[in-house]
Amino acid sequence: MQGLARWLMAAAAALMAATSGATAQVKELRIGYQPSPIQDASIAMFEAWGAKNGVKIVKVPNSYGVYVEKMTASLTSNSDQYDVIWHNDDWGQTWAHLLEPTDDVEANKYGSKWSMAPLVFANAQGQNTVVPMGQTFSVFFYRSDLVKPEEVPKTLEELVTMSKKLQADGKAKFGYVGGMSMNHSWFSWFWSMWGNNCDVLMPFYERDNKKLAEGGWKSSMTDPCMQKTVEYWWDAINTHKIAPRGMPAYDRNEANAIFMAGDAAFTVADTLWWGQFNDPNKSKIAGKVAAARFPLGPDRKKPFGWDDIWGWAIPKSIPEERKKLAKQMLNAMMLDEEGQTKMFKATGAPPPNTTFWPKIAEQDAFMKLLKEAVLDSPDKVRGAYYFPQWPAVHKAFNDTVTRAVTGRREDIARVLAEGAPLVSKAAQ
Amino acid sequence: MFGEQQRFVLLLIAPAALLLLLFQVVPIVIGANASFRDWALYNPKKTWIGFDHYVAVISDPAFLYVVLPNTFLFMVLSVAGALVAGLALALLLNRPFRGQKLVQTILLVPLMVAPVVAAIMIRWIFNDQFGIVNVVLEAIGLEGQPWLVQRWSAFGIILLTDIWLWTPWFTLLLLAGLQSLPKEPFEAAAIDGTTTWRVFRFLTLPMLRPVIVVCVVIRAIDAFRTFDIVWTLTGGGPGRSTELFSLYAYVLAFLNLDLGRGSAAAIVGGLIILVLGVVMYRLVDRIAKA
């Protein structure tokens, strides 16, 4: 009898151990992300929350180059590989139907209304599917040791003049450097295009898919503004030589490397690289960088800001208890003032909770500038389009402008005209 | 139904057959199925659309006039380049000299480098600002070049990378072939006082021909589907000018997220390789019998 009791006790203990194991299994959240300063900083907040709440945070890094396709395949196969994934405005509509609505994440109310607009992240039922990670947009960076604030170029023409002056004085090897290749169009093509009343599709700056469809997804390749944009960069590279000849093939890392090596006076990059630009271990120009509004082209007089977010999302296919836990974690992250302030200091990306912005701006001149120039600006553009074919449109756009800028100047109009139907077709 | 010996043979081949079925046949069948359907990766409706994707692929001017010519050009030049370099190295290594084993080991290093790593390395070597190539050119008074911005220089760098990666493979196989050749004809040629070039031209090359042909066939088929180094070095650019077949299929399936059309492109490429393979195997057969 005693033997049987001992066996029963052992069995009960084993059952308890198994049950607590199952509970422990639930108390784990797997994060699918791409290593980058802002994501690392955001995950640090998850980890801090996890440590307090007994939840193990498992980080699963993915390469940027294959992130969308890999994650899309994971989402459509209904796998429960990830509990929280990096989300981005670019693929907001591509994944909207595959993601858990996040309207019940209470602290989402503190996120930027512009950046979380339904046309970007809402599903067909109008439910939001994102929790912001931080604001991710670019600004015009310049070398504060070479250029005084009042000398910063306000127009594309002044960018050429100032660059040539700095080059002639032997102060900089190049005036401007920025990524140009596919998937880095933002850092040269897009900002200069938006700054000259131009865009990928027509009507310009329109992001409502219904209106774009009504316009036949018309490409702006044959509009004079696009020709001016390509000619500007062709001249900057070949005639004025203010930008490296290799720039049409640069990704953002190569462009940032040139800027951080002190070889260029100006660049456009996401604000989240602010921390790296000012890290003396990585950058020769640490402490000598400032930011300003984008220079404008001849067809635009009003300054503009480009404002988007990166965010986190929860796959629809994961079990309910993990969705609940993930939402608790994301809610806590949104309220973590200390963590978000740290994130801003480490990266330069404005944090997701807008109520923290004024306080940070009071103490930090860079945040003050971002607030004035972008976050509080009434004239904003969105950095992408919000339909599933956008990656194909972007590729067709970049292929065309790259062909045009690497060919002969007199062929630019012809190459753009050849690319116009390809851009429109990719959108349909 | 089966004798004991047959059952034993079937048992032995079962694991390999199962792996082949799971990881080769099943994916091909799934891909072929997707190629006839409206199968967007983000919203797989899977409705039957017949040959629409195939028509779109084979009538795409980019596929016909850029991708296919690039792919065949790459295949011919890459195989020829690696063959010539590999043969030259094999001939050098076939002679005894001090440190031969060390040199042989060093020459095999590229085989151990992952193609993506090699491509990243080469991309920085040819970077117009920091790359060692331009540093050397400028040191000798020549102008540095933006190598990846022009079609043919970018294509040349892709070729160079591929040749660098594959030359050791040719060297290894051709060296094994050289070392298995009978010595008598070479001794007879030496007694006759034949020149080195004539020995190579009329003895070494004809006797090595079966090995060369097998190497060329295997490598040519493999070169047709090269993806990693091109994707890492140029992404098919500038402006699609270095795009090869595998990139074309990849972009359709995984960048445009159109798995149906990407699968159709992959099947079209598979059929081209199949035809090419059959022609090449016949060639091997004819040469072996000659």
Given the options A:Pro303, A:Pro358, A:Pro350, state which has the largest fluctuation in a GNM of chain A using a 10 Å cut-off (strictly under) for Cα springs.
-> A:Pro358
List of the range A:245-267 residues, accessible area with partners at least 40 Å² below that of the chain alone (1.4 Å probe) = A:Arg245, A:Ala249, A:Glu254
Most fluctuating residue of B:Thr167, B:Thr195, B:Thr242 in a GNM of chain B with Cα springs under 10 Å: which is it?
-> B:Thr195
What full-extension length gain, to one decimal in nm, is calculated for A:Val66 and A:Lys288 as 0.36 nm per residue of separation minus the Cα-Cα distance?
-> 76.5 nm
Log10 I(q)/I(0) at q = 0.10, 0.11, 0.12, 0.15 Å⁻¹ for the range B:34-289, from Debye over equal alpha-carbon scatterers, is -0.64, -0.75, -0.86, -1.13
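Pop out the carbon and sulfur fraction of the accessible area of chain A as a percent, whole number, probe 1.4 Å. Walk me through the numbers on the way to the answer.
Numbers: 9500 of 17140 Å².
Its accessible area is 55 percent carbon and sulfur atoms.
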Here the cysteines of the protein assembly as shown without any disulfide-compatible Cβ partner under 4.7 Å are B:Cys215
Among B:184-194, A:37-47, A:410-420, the order from most to least packed when residues are scored by Cβ within 10 Å on average | A:37-47, A:410-420, B:184-194
Centre separation in Å (Cα based) which lies between the range A:85-110 and the range A:319-334 = 13 Å
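Can you give the accessible area per residue of the range A:306-428, in Å², using a 1.4 Å probe? Present the calculation step by step, with values, prior to reporting the outcome.
On the way: 4610 Å² over 123 residues.
Heavy-atom SASA per residue in the range A:306-428 reads 37 Å².
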Could you give the distance between the Cα centres of the range B:87-137 and the range B:70-86, to the whole Å?
-> 17 Å
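For the range B:34-289, with all protein chains present and a 1.4 Å probe, just round the carbon and sulfur fraction of the accessible area to a whole percent.
Numbers: 8970 of 12910 Å².
About 69 percent, which is the carbon plus sulfur part of the accessible surface.
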Debye intensity ratio in log₁₀ form over the Cα atoms of the protein assembly as shown, taken at each q of 0.09, 0.10 Å⁻¹ | -0.93, -1.10
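Pull out the extension gain between B:Lys46 and B:Ala17, defined as 0.36 nm times the separation in residues minus the alpha carbon to alpha carbon distance; nm, one decimal. Don't jump to the answer; show the numbers that get you there.
Details: separation 29, 0.36 × 29 = 10.44 nm, distance 2.94 nm.
Residue separation times 0.36 nm, minus the Cα-Cα distance, leaves 7.5 nm.
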Candidates B:Asn127, B:Asn33, B:Asn43, ranked by Gaussian network fluctuation over chain B, Cα under 10 Å, top entry | B:Asn43
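In deg cm²/dmol, rounded to 500, what helix-only [θ] at 222 nm does chain A give when every DSSP H run of at least 4 residues adds -39500 (n - 2.57) and the total is split over its residues?
Working: 17 runs with 182 residues, N = 428.
Using -39500 (n - 2.57) per qualifying helix, the result is -13000 deg cm²/dmol.
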Applying 1/(1 + (r/R0)^6) with R0 = 56 Å to the Cβ-Cβ distance of A:Arg408 and B:Ala190, what FRET efficiency is obtained, to the nearest 0.05?
-> 0.40
For A:Gln127, what charge total do you get from the other residues with a beta carbon under 10 Å from its beta carbon, if Lys and Arg give +1 and Asp and Glu give -1?
-> -3
List, in order, the whole-Hz ³J(HN,Hα) value for each residue of the range B:143-159 obtained from phi through the Karplus relation with A = 6.51, B = -1.76, C = 1.60 and θ = phi - 60°; use x for Gly and Pro.
-> 7, x, 10, x, 4, 8, 9, 10, 3, 6, 6, 5, 5, x, 5, 4, 4
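Local charge sum around B:Gly262 (other residues, Cβ-Cβ under 15 Å, Lys/Arg +1, Asp/Glu -1)? Intermediate values should be presented prior to the final figure.
Numbers: positive: A:Lys70, A:Lys395, B:Arg37, B:Lys46, B:Arg225, B:Arg261; negative: A:Glu69, B:Asp38, B:Asp52, B:Asp60, B:Glu243, B:Asp258.
Taking every other residue near B:Gly262 into account, the sum is 0.
Accessible area per residue of the range A:158-275 at 1.4 Å probe, in Å²?
Working: 3710 Å² over 118 residues.
Spelled out: the 1.4 Å probe surface of the range A:158-275, per residue, equals 31 Å².
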For all pairs of alpha-carbon atoms in chain A, what percent lies in each bin of width 20 Å, listed from the first bin to the last filled one?
-> 25, 53, 17, 4, 1
Please name which of B:Ala85, B:Val66, B:Ala56 has its Cα lying farthest along the dipole of the range B:34-289 towards the positive end, using unit charges on Cβ (Lys, Arg +1; Asp, Glu -1) and the Cα centre as origin.
-> B:Ala85
In short, the range A:389-428 residues buried by 10 Å² or more of accessible area relative to the isolated chain (1.4 Å probe) are A:Gln389, A:Pro391, A:Ala392, A:Lys395, A:Asp399, A:Thr402, A:Arg403, A:Thr406
Quick one: which residues, 5 or more positions from A:Ala269 or on another chain, have an amide H under 5 Å from its amide H? H modelled 1.01 Å from N in the peptide plane, none for Pro or chain starts.
-> A:Val139, A:Phe141
In the range A:57-75, the residues losing 20 Å² or more of accessible area (1.4 Å probe, heavy atoms of protein chains only) relative to their chain alone are A:Glu69, A:Thr72
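Dipole of the range B:34-289, Cα-centred, from +1 at each Lys and Arg C-beta and -1 at each Asp and Glu C-beta, to the nearest 20 debye? Can you show the working numbers first?
Numbers: 19 positive and 15 negative charges, 130 e Å.
Using only the charged Cβ atoms, the result is roughly 620 debye.
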Taking amide hydrogens as modeled 1.01 Å from N in the peptide plane, which residues meet the under 5 Å criterion relative to A:His87, leaving out close sequence neighbours?
-> A:Gly311, A:Trp312, A:Ala313
May I ask you to evaluate 6.51 cos²θ - 1.76 cosθ + 1.60, the Karplus curve with θ = phi - 60°, for each residue of the range A:363-376 and list the ³J(HN,Hα) values in order in whole Hz, giving x for glycine and proline?
-> 9, 9, 5, 5, 5, 4, 5, 4, 5, 5, 7, 10, 4, 9
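Counting only helical runs of four or more DSSP H residues, what would the 222 nm mean residue ellipticity of chain B come to if each run contributes -39,500 (n - 2.57) and the total is spread over all its residues?
Working: 15 runs with 195 residues, N = 290.
Here the helix-only value at 222 nm equals -21500 deg cm²/dmol.
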Which Cα, out of B:Ile140, B:Val103, B:Ala264, lies furthest along the positive dipole direction of the range B:34-289 (beta carbon charges, K/R +1, D/E -1)?
-> B:Val103
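Taking the Cα centre as origin and putting +1 on Lys and Arg beta-carbons and -1 on Asp and Glu beta-carbons, what dipole magnitude results for the range A:84-182, to the nearest 20 debye?
On the way: 9 positive and 12 negative charges, 112 e Å.
Dipole about the Cα centre, nearest 20: 540 debye.
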Dipole of the protein assembly as shown, positive direction: furthest Cα of A:Ala236, B:Phe200, A:Tyr176, with charges on the beta-carbon = B:Phe200
Along the Cα-to-C-beta direction of A:Asp299, a point sits 7 Å from the Cα; which residues of the range A:412-428 have their amide N less than 18 Å from that point?
-> A:412-421, A:423-424
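Where the only charges are on Cβ atoms (+1 Lys, Arg; -1 Asp, Glu), what is the dipole of the protein assembly as shown about its Cα centre, to the nearest 20 debye?
Working: 69 positive and 63 negative charges, 227 e Å.
In total the dipole reaches around 1080 debye.
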Under 15 Å, Cβ to Cβ, from B:Thr232 - net charge with Lys/Arg +1 and Asp/Glu -1 = -4
On complex formation of B with A, accessible surface lost, both sides summed, probe 1.4 Å, nearest 100 Å², amounts to 2400 Å²
Collect residues whose amide H, placed 1.01 Å from N in the peptide plane, falls under 5 Å from the amide H of A:Glu28; neighbours closer than 5 in sequence don't count.
-> A:Lys56
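Tell me which DSSP H helices of chain A clear both cut-offs, 30 Å or more of axial length from alpha-carbon atoms and a mean Kyte-Doolittle hydropathy of at least -0.5.
TM-like helix candidates: A:2-26.
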HN-Hα J in Hz across the range A:275-280 - Karplus 6.51, -1.76, 1.60, θ = phi - 60°, x for Gly and Pro | x, 5, 4, 9, 8, x
Starting from the Cα of B:Leu73, step 7 Å along the direction of its Cβ; do the same at A:Lys164; then give the gap between the two resulting points in nm.
-> 3.7 nm
Obtain the nm distance between the two label points defined at B:Leu205 and B:Asp285 by a simple spin-label model: each point lies 7 Å from its Cα along the Cα-to-C-beta direction.
-> 2.7 nm
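The values are calculated or read from the model by the stated rules, or taken from the named source; none is laboratory data. All figures in this text were calculated on a predicted structure; none of them were measured in a lab. So basically every Cβ, Gly included, is an ideal-geometry build from the backbone, and we count neighbours across all protein chains shown. We work out accessible area using only protein heavy atoms, side chains counted, and drop any ligands, DNA or RNA first. Shrake-Rupley method; radii C 1.70, N 1.55, O 1.52, S 1.80 Å.
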